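The next block holds one structure in the form of structure tokens; read it before the comments.
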Amino acid sequence: MSEPKKVQGDLVLSHITKSFADFTAVDDLSLTIPKGSFFALLGPSGCGKTTTLRMIAGLEEPTSGKISIGDTDITYTKPYDRPVNTVFQSYALFPHLTIFENVAFGLRRRGIKDVDAAVEKVLGLVELAHLKNRKPGQLSGGQQQRIALARAVVNRPALLLLDEPLGALDLKLRRQMQIELKWIQTEVGITFVHVTHDQEEAMTMADTVAVMNNGKIEQLGSPADLYESPKTVFVANFLGQSNFIDGVVESTDGSNVVANIQGTRITFPKSRNNASGSALKVGIRPEKFRLHDPGDNTHGNVLAGGKITDISFTGVSTQYLVEMPWKQELVVFEQNDGGAPDLVKGDPVTLSWEPQFTFALDGASK
Amino acid sequence: MAIAHVSAPDAPIAPEKKSKKFAYILLAPGLLWLLIFFAFPLINLAETSTKTPAPTFETGEFVQTFRFMNFLDAFVDNQEQFYRSFIYALLATLLALAIAYPLAYAMAFRAGAWKNFLLIMVIAPFFTSFLLRTLAWKQILGAEGPVVSTLQFIGLMSPDGTITATAFSVIMGLTYNFLPFMTLPIYASLDRIDYRLLEASGDLYANGATTFRRVTLPLSMPGVVAGTLLTFIPASGDYINAQLLGNPDNYMIGNVINSRFFRVVDYPTAASLSFLLMATILIVVVIYIRRAGTDELV
């Protein structure tokens, strides 16, 4: 077996397109993933994220474009010649081999000496050294997941790909594994590329998240960036929830934009405006709203004349649906910390929020 | 090794008792069937195997004398056919494996939309009787048949050469007749392999050949073991192929048993030979399964 060359550096995808018979899964995608980072490709199913991952792994060939790590072009390199390992969604552990042999598989194929020490070490890292003589079928889902990770990490690849690795685990275990994965990534310092449709998972773990939709990257940035300043309606709704109110720009006042939304004047910082024209979609996250009884003191932007149409208690917070005079229903989350007034269905309310939490998108955007 | 995460639920005792009783009721017809059509004839056969000819010397009349030397006599007199049976069956099994594995592999991984069609083609011979198909081969390979005349025409065979009545045609017939029994289990085990395991192997630096050796082949072993057993066992007891495609020099132990039973009417020898054949196959199979270690798989 040939030892893959010591390839190091940033992963660069340039103008990658992957077309199947009747549709384009990935459409002219360009992306640089810095060495050592934890990068997430986030999107709904069918958005092209898994196809992108498979092209990086070498399991699919791009129709056009180039994939390289550092200075090495790997676009058409066979999977077994790439310094890339994958943690498969189904784990794909070899059922006929013991846990030890599963983890040792890649090392043995490359003719690495001292397989024992390397395997023991990585099994220690995932805290499953005591199960090394078992078969995969005798392990729980969470344990199999860790073995799949160990089997990939032990090879010290330039790049580790994770294909929805936590998808099959229950919520509690998933949370725990999110923290562990992040810790292991820091520990080994390998570039992780993580594909997921779970926005919480992507935001918890990744340094940088790329939100994909229809084969293209909608927006790329840090989790906080994407959440606080979404650039498209898709991103605003895929990461958390958003309320959008149609409006128009009236004037600018120093560093602020003054806009009219449904007859109410509001302001927000210029830096929060992504619209090119004067027509706006004004976005406010549900948890940024505050609820007041009509006539209470308020500050920031204010929308009056709301009426509670639905209340649901979710534990940490309570979710309200507020019907506005223009018949739009807005979603409001209030922390259950005693700060919000006691409200029942049908109560009139006033909404307020701080201007800096506003984000404005182009009025025509969908 | 204990499978830690599979623990039986603590079922209440009463329903368990009831369900056990119910299970026996459901099993009863099958057990009865086994008793009448397997256990009883077997005992009968065992009883016959130690009989000797009646003092009256009337054909077909035997008396029980518990003569266990019958077994040794039967073996010594028919050693040649005994060995030949196992050699032919072994060769046919190996040939069938060599043909069936690539076929099953292609069907499982490469056939795409043709998969079901090919599967039907493998099963199709069963629509005609075993006997008819073997007779058809006798025609095809016979002196007047297309194979011999073609080979003679292009000069690869002497004008008086034959294919039938040789060991080759008997082994070929066995291979042909038991090929589906080899193909289907191998196909089933290959088809069950999760394609992602092969991808994972490639991802872990194994090229195509290594992936086959380290992942595909070990995972298909249960099918290979089942297929070889389903071929070897009936092939070693077969007599139709030797009778139709061979000559007396190619006769197998099945032919001897057949003629002892129906032509010579020597029931004790036929019964002894049957038992010896069963015992030998049983021993061979047990050793084979132990060595193959299929219980370790999956």
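Values in this text are rule-based calculations from the coordinates and carry no lab data. Keep in mind it's a predicted model, so treat the numbers as computed, not measured. Counting neighbours? That spans all protein chains shown, and the Cβs are built from the backbone with ideal geometry, glycine included.
Under the definition of partner shielding as Cβ atoms of other protein chains within 10 Å of a residue Cβ, what is the mean value for peptide B:192-202?
Average neighbour count from other chains, rounded to a whole number: 6.
Does the stretch B:23-67 come out rounded, prolate or oblate by the C-alpha gyration tensor, with a ≥ b ≥ c the root eigenvalues, rounded set by a/c under 1.5 and, if not, prolate when a/b is larger than b/c and oblate if not?
prolate
If you take the beta carbon distance between B:F153 and B:F38 as r and set R0 to 45 Å, what does 1/(1 + (r/R0)^6) give as a FRET efficiency, to the nearest 0.05?
The computed FRET efficiency comes out at 0.30.
One quarter of the convex hull surface, Cα atoms only: what value does that give for the stretch A:232-350 in nm²?
8.0
Once you have a ≥ b ≥ c as the square roots of the Cα gyration tensor eigenvalues for chain B, tell me rounded if a/c is under 1.5, and otherwise prolate or oblate according to whether a/b is larger than b/c.
Taking the square roots of the gyration eigenvalues as a ≥ b ≥ c, chain B is oblate.
In whole percent, what relative contact order does the stretch A:227-312 give with Cα contacts below 8 Å and a gap of six or more residues?
The value is 26 percent.
Give me the one-decimal nm value for the distance between modelled label points at A:S14 and A:T75, 7 Å along each residue's Cα-to-Cβ direction.
Distance between the two pseudo-spin positions: 0.9 nm.
Three principal axis extents, largest first, for the C-alpha atoms of chain A, in Å?
Per principal axis, max minus min of the Cα coordinates gives 76, 43, 38 Å.
Pick out which of B:F75, B:F178, B:F38 has the largest mean-square fluctuation in a Gaussian network model of chain B, springs linking Cα atoms closer than 10 Å.
Answer for the Gaussian network model of chain B: B:F38.
Would you mind computing, in nm to one decimal, how far apart the modelled labels at A:E61 and A:D170 are, each placed 7 Å from Cα along Cα→Cβ?
Taking the simple label geometry, A:E61 and A:D170 are separated by 4.6 nm.
Taking DSSP loops as anything outside H, G, I, E and B, show the longest stretch in chain B free of GluC sites (Glu not before Pro) there with at most 14 other beta carbons within 10 Å.
B:145-298
Could you state the principal axis extents of the C-alpha atoms in the protein assembly as shown, from the largest down, to the nearest angstrom?
Largest first, the protein assembly as shown extends 127, 71, 50 Å along its Cα principal axes.
Rounded to the nearest 500, what is the 222 nm mean residue ellipticity of chain B from helices alone, with -39500 (n - 2.57) per DSSP H run of 4+ residues and division by all residues?
-21500 deg cm²/dmol
Over the stretch B:113-233, calculate the relative contact order: mean separation of alpha carbon pairs under 8 Å at least 6 apart, over the residue count, as a percent.
24
Compute a Gaussian network model of chain A, connecting alpha carbons closer than 10 Å, and tell me which residue from A:G70, A:G36, A:G295 fluctuates the most.
A:G295
Show which lysines lie in cross-link reach of A:K135 when reach means a straight Cα distance below 18 angstrom and same-chain residues fewer than eight apart are skipped.
Once the sequence-local lysines are set aside, nothing remains near A:K135.
Considering the stretch A:1-95, what Rg and Dmax in Å follow from its alpha-carbon atoms?
13.6, 38
Nearest 0.05, what FRET efficiency do A:S37 and A:K307 give at R0 = 60 Å with Cβ-Cβ as r?
Between A:S37 and A:K307 the formula returns 0.80.
Mind telling me which of B:G142, B:G155, B:G254 comes out most flexible in a GNM of chain B, alpha-carbon contacts under 10 Å?
Highest fluctuation of the listed residues: B:G155.
Extension gain B:A209-B:K18, at 0.36 nm per residue separation less the Cα-Cα distance, in nm?
Extra length from B:A209 to B:K18 when fully extended: 63.4 nm.
What average count of beta carbons from other chains do you get within 10 Å of the Cβ of residues in A:88-101?
Mean shielding by partner chains, rounded to a whole number: 4.
Using a 10 Å cut-off around each Cβ of peptide B:204-215, what is the average number of partner chain Cβ atoms that fall inside?
6
Assign one of three labels to the stretch B:28-102, namely rounded, prolate or oblate, based on the Cα gyration tensor with a ≥ b ≥ c the square roots of its eigenvalues; rounded applies when a/c is under 1.5, prolate when it is not and a/b is larger than b/c, and oblate otherwise.
Oblate.
Mind checking which helices in chain B clear 27 Å along their axis (Cα) and have mean Kyte-Doolittle hydropathy of -1.0 or more, DSSP H runs only?
B:13-34, B:79-105, B:167-191, B:217-237, B:267-292
Take peptides A:312-321, A:132-141 and line them up by average Cβ neighbours within 10 Å, highest first, as a rough protection proxy.
Output ranking for A:312-321, A:132-141: A:132-141, A:312-321.
Counting only the backbone N, which residues of the stretch B:196-238 are under 12 Å from the spot 7 Å out from the Cα of B:Y288 toward its beta-carbon?
It comes to B:224-237, nothing else.
If you average the sequence gap of Cα pairs under 8 Å that are 6 or more apart and divide by the length of chain B, what percent do you get for the contact order?
Computed over chain B, the figure is 25 percent.
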